[in-house]
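Here is the structure we will look at.
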Amino acid sequence: MSADVGAPLAGTVVIGVGSPLMGDDGVGLAALEEIRGIGNFEPHVELLDGGTWGMNLLPFLESAERALILDAIDAGRAPAEVVELEGAAVPRFLSTKLSPHQIDLREVLALAELRGRLPELVALGIQPARVEMRTELSAEVAVALPRLVEAAIERLEAWGHSPVGPRSAPTPATD
């Protein structure tokens, strides 16, 4: 999370999602941390860890012009392949829940769309190799992490955001 999360900011929001306790499912949060390590962006980009925020993400999404979601994306492709989804291709739906704690990003996106406030939406991720109880990324996904981070930086630059200061290459995580 950035330093000031009290009030949503218009512009671009980058949301890392997934569970760091489920192996490759944590790749979105790992990519977000790599992007944070690069530094600030001009104009401002809000970087959010969306792992447990649920509906608290709604005001950030609704006030943004653009949203970049970082996640493990199971698109039926080869493990560690970078996947990009745009607009309507990004899954969102409302479904019956067994508990109010089951709200995830898809429901937040669906609600923003229902309210007519869904921003331009892009999801970038990596096809997971293994989603299982473990705190490390698989070797394949760890090697692909810098490609995901680079794709995210390229998207931010295409949207007019530039990293401030020297830009270093993302460091791959290890298995």
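Sort 133-145, 58-70 by the packing proxy (mean of other Cβ within 10 Å over each peptide's residues), most packed first.
Peptide ranking by packing, descending: 58-70, 133-145.
Calculate, for Ser162 and Ala88, the FRET efficiency according to 1/(1 + (r/R0)^6) with r their C-beta to C-beta distance and R0 22 Å; round to the nearest 0.05.
According to the calculation, E is roughly 0.15.
Sorted by average packing, counted as other Cβ atoms within 10 angstrom per residue and highest first, what order do 78-88, 120-130, 41-51 take?
The densest-packed peptide leads the list: 120-130, 41-51, 78-88.
Roughly speaking, what is the stretch gain from Glu136 to Arg36, that is 0.36 nm per residue apart minus the C-alpha to C-alpha distance, in nm to one decimal?
Value of the extension gain: 34.1 nm.
Tabulate in residue order the Karplus-calculated ³J(HN,Hα) for the range 152-161, using 6.51 cos²θ - 1.76 cosθ + 1.60 with θ = phi - 60°, rounded to whole Hz; enter x for Gly and Pro.
Working through the residues one at a time gives 5, 4, 4, 5, 4, 5, 5, 8, x, 9 Hz.
Report the Cα centroid-to-centroid distance between the range 7-59 and the range 100-149 in angstrom, as an integer.
10
Just check the range 12-162 against the gyration tensor rule for me: Cα atoms, a ≥ b ≥ c as the square roots of the eigenvalues, rounded for a/c under 1.5, and otherwise prolate or oblate depending on whether a/b exceeds b/c.
oblate
Treating the Cα atoms of the range 52-92 as identical point scatterers in vacuum, please give the log10 of the normalised Debye intensity I(q)/I(0) at q = 0.14, 0.17, 0.27 Å⁻¹, two decimals.
Debye intensities relative to I(0), on a log10 scale: -0.43, -0.61, -1.09.
About its Cα centre, what dipole magnitude does the range 12-162 give when the only charges are +1 on Lys and Arg Cβ and -1 on Asp and Glu Cβ, stated in debye to the nearest 20?
Result for the range 12-162 is approximately 400 debye, rounded to the nearest 20.
In nm, to one decimal, how far is the modelled label at Leu21 from the one at Ala75, with both set 7 Å along Cα→Cβ?
Distance between label points: 2.9 nm.
Please name which of Val143, Leu58, Ala80 has its Cα lying farthest along the dipole of the range 12-162 towards the positive end, using unit charges on Cβ (Lys, Arg +1; Asp, Glu -1) and the Cα centre as origin.
After comparing all options, I get Leu58.
Bear in mind these aren't lab numbers, they're just calculated from the coordinates by the rules spelled out. If you're wondering where the values come from, they're calculated on a predicted model, not measured in any experiment. Glycine gets a Cβ as well: all are built from the backbone with ideal geometry, and neighbour counts include every protein chain shown.
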